[in-house]
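**Student:** First the structure, which I've put down as structure tokens, then a few questions once you've had a look.
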């Protein structure tokens, strides 16, 4: 079993290049199976466990995929299966992205109930309800979701919550449906825009991505295209917070500042220097003890992202004064709190809000990641904790960060992966 071992106290100096977005590449890979003509070539694909798992599932469906470094070539013209029921489906929440495209292409689908990080109830009702409005009939039994449709027809669909996954699933399915689909109260994340651009380059007719209403005029077929994935804003934010927590001076390259406005604003509010430069964003900090306590409330985009609250908490454990964080997206996304307490953090929790008072120091100890972003947060805390921090359950971290340990070591952190 692997652990990540950090000896705290080193400042971070240098620069780090941000890879393609995890939350973009997964739906883009799923959308690629809609191409019945030509091949798709996708650049800046991150090397992540979730990407590997989704590629394995898509290849099981008969799609040919070639990978060379950070480039993927996809030939979906030979796809010949509609059942995504192999074992790794149950480990990957993103396998649900295949539901809409498979039904749109074949009129049938069989997908095992998806897995993913245990950060709370993430019902698939919005996905199914939306697809039912397009004409799909579902049967859920024995852990398998079976869908059937005699041709998809456009509809006007209102999402009860602006779910990113449901928005993307419906965009993909509606792209080759009959007539017009209007999606209301949809997610507005940059990854939605990236997927819409990819689908439009394939021949889809989608407008409004990035707003709360998306219109899709169905077309009869889609073809392969060439696309470069947008930078991963959550990876970029994680490195920014790591510098803010450990102290140092680091240039974050290949980052779109507009995608990170709430994170940049909160870092500046905490007293961290964040400046945009030609090649990226430079972060300068004296470390957690030089930060001020702040208040955060997670919200759908363009609000503060739920995927950044754990990391921000990891930065604030020794900040001056009190901080509070309210989580409005996932009800079980505070499982890292107990791990922070092991390190000496002064944290109390009431409902969906945690309050913390900055302590003089935190101590390295053995902690365990409960999910992807919690793992990153524990590493951030370990960067400035006194002594040695050992982070277990590193498989969660590998799901969403490409070479995190190596990149932090290149910036000066004393961090290694070891076999326990």
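**Student:** Pairs only if they're at least six apart or on different chains, beta carbon under 8 angstrom, first in region 192-211 and more than 11 Å from residue 167 (Cβ to Cβ) and not assigned by TED's automatic domain parsing to the domain that holds residue 36, second part of a strand (DSSP E or B) and modelled with pLDDT of 95 or more; list them, first residue then second.
**Tutor:** Sorted first by the residue in region 192-211, then by its partner, the list stays empty.
**Student:** In the set 15, 64, which member is in the same structural domain as residue 239 (by TED's automatic domain parsing), farther than 16 Å from residue 197 by Cα and touching a strand residue (DSSP E or B) at 6+ places or on another chain (Cβ under 9 Å)? Spell out how you get there, then give the answer.
**Tutor:** Details: 64 fails: in the same structural domain as residue 239 (by TED's automatic domain parsing).
Result of the check over 15, 64: 15.
**Student:** Further question: Do we have any residue at all in region 320-338 that's surrounded by 24 or more Cβ atoms within 10 Å (Cβ to Cβ), in contact with a helix residue (DSSP H, G or I) (Cβ under 6 Å, 6 or more places away or on another chain) and within 30 Å of residue 209 (Cβ to Cβ)?
**Tutor:** Yes: region 320-338 contains one or more residues that are surrounded by 24 or more Cβ atoms within 10 Å (Cβ to Cβ), in contact with a helix residue (DSSP H, G or I) (Cβ under 6 Å, 6 or more places away or on another chain) and within 30 Å of residue 209 (Cβ to Cβ).
**Student:** Can you list the strands (runs of 3 or more DSSP E) found entirely within region 199-292 that contain at least 3 residues being under 25 Å from residue 312 (Cβ atoms)?
**Tutor:** Numbers: elements: 205-207, 213-217, 226-228, 248-253, 273-277, 280-285.
It comes to 248-253, 273-277, 280-285.
**Student:** Within region 346-359, identify whether any single residue is surrounded by 15 or more Cβ atoms within 10 Å (Cβ to Cβ), within 19 Å of residue 9 (Cα to Cα) and either modelled with pLDDT of 95 or more or not assigned by TED's automatic domain parsing to the domain that holds residue 389 (or both), and answer yes or no.
**Tutor:** yes
**Student:** Restricting attention to region 279-300, which residues are surrounded by fewer than 17 Cβ atoms within 10 Å (Cβ to Cβ) and either modelled with pLDDT under 95 or within 24 Å of the chain's Cα centre (by Cα) (or both)?
**Tutor:** The answer is 279, 295, 297, 299.
**Student:** Considering only residues that are under 22 Å from the mean Cα position of the chain (by Cα), surrounded by fewer than 16 Cβ atoms within 10 Å (Cβ to Cβ) and modelled with pLDDT under 95, which ones fall in region 1-55?
**Tutor:** Scanning region 1-55 gives a single hit, 52.
**Student:** Now for a separate question. Out of region 141-180, which residues are surrounded by fewer than 19 Cβ atoms within 10 Å (Cβ to Cβ), over 26 Å from the mean Cα position of the chain (by Cα) and in contact (Cβ under 8 Å) with a residue 40 or more places away in the chain?
**Tutor:** The answer is 148, 150, 151, 178.
The values are calculated or read from the model by the stated rules, or taken from the named source; none is laboratory data. Everything numeric in this text was worked out from a predicted model, so none of it was measured. Cβ sites come from the backbone with ideal geometry, for glycine too, and all protein chains shown count toward neighbours.
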